[in-house]
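Each remark here refers to the structure printed beneath this line.
Values in this text are rule-based calculations from the coordinates and carry no lab data. Note that the structure is predicted; figures quoted are calculated from it, not measured. Cβ placement follows ideal geometry from the backbone for every residue including glycine, while neighbour counts extend to all protein chains displayed.
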Amino acid sequence: MLMLVRVLATCSAFALFASQANAQELAPSSEFFPTAIGTQWVFSAGGVEILERVVAHERIGNDVCARVETVFNGEPVSDEHIAVRPDGIYRVAVAGQPVTPAFRLAKFPPRLNDTWTINSMLADQPIAGSFQTGQDKVTVPAGEYATLTSTGSGFQIGQAKLSFVYHFARGVGKVMQVTKIDGQPDVVLQLKSFTPAKTAATASAIPR
């Protein structure tokens with residue numbers, strides 16, 4: 001009996017260690033996309049404010065991702081899993097649904113006029129188009145930034161054509177996003193404030 005108790009205790013201790021090791025997996029970060037838990041961006045979009053925040057680090061397949069939650073009027077309305085890989089920034093999942101293969105938002109190392117194609121699926125919806133890397137200087141409520149741009153074109157929602165431009169600034173991440181859909185006004189997110197995480201050495205979700 002004593003031997004059984006010791007074996008069970010050893011197994012429990014190993015399970016606890018494995019759980020803690022898994023919980024301490026940290027998502028890789030980039031100067032163009034900080035992933036520390038607690039990082040927050042507040043964007044203005046017309047007359048409204050949208051908060052995006054890193055709430056957890058979670059493994060999806062081979063990626064340890066930052067789970068980025070979008071908050072509107074104090075309520076979480078969506079989330080996505082973002083992975084930083086050596087060759088770029090990827091959207092790995094949206095609202096718990098995997099993007100297959102992952103959707104590359106920016107390409108590393110940054111090279112002017114570099115291009116890549118997208119041919120992915122989200123649930124049963126195809127996502128196809130192309131991107132090109134550029135550079136720009138933008139002024140948003142949070143200030144003026146030199147940005148790495150990713151311009152997407154050739155995408156569709158139903159019969160409507162869709163294009164967008166992401167602006168990433170060093171040390172901050174996304175500072176502007178412009179989305180164009182045929183027949184609709186442009187949707188422009190502009191950074192209003194950026195709050196870096198207090199510490200990068202935690203992998204637990206922040207309080208809601």
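Values as computed for the structure displayed
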{"read-out": "Dipole of segment 22-195, positive end: most advanced residue of 150, 64, 134 [Cβ charges, Cα centre]", "value": "134"}
{"read-out": "Length-normalised contact order for segment 22-195 - Cα pairs under 8 Å, 6+ apart - percent", "value": "18"}
{"read-out": "Scaled radius of gyration (Cα, divided by 2.2 N^0.38 Å) that segment 22-195 gives", "value": "0.98"}
{"read-out": "Of 137/198; 137/192; 161/192, pairs whose Cα-Cα distance is over 24 Å", "value": "137/198; 161/192"}
{"read-out": "Residue order, fewest to most beta carbons within 10 Å, for 195, 35, 70", "value": "195, 70, 35"}
{"read-out": "Cβ crowding within 10 Å averaged over residues, with 114-125, 132-143, 46-57 ranked highest first", "value": "46-57, 132-143, 114-125"}
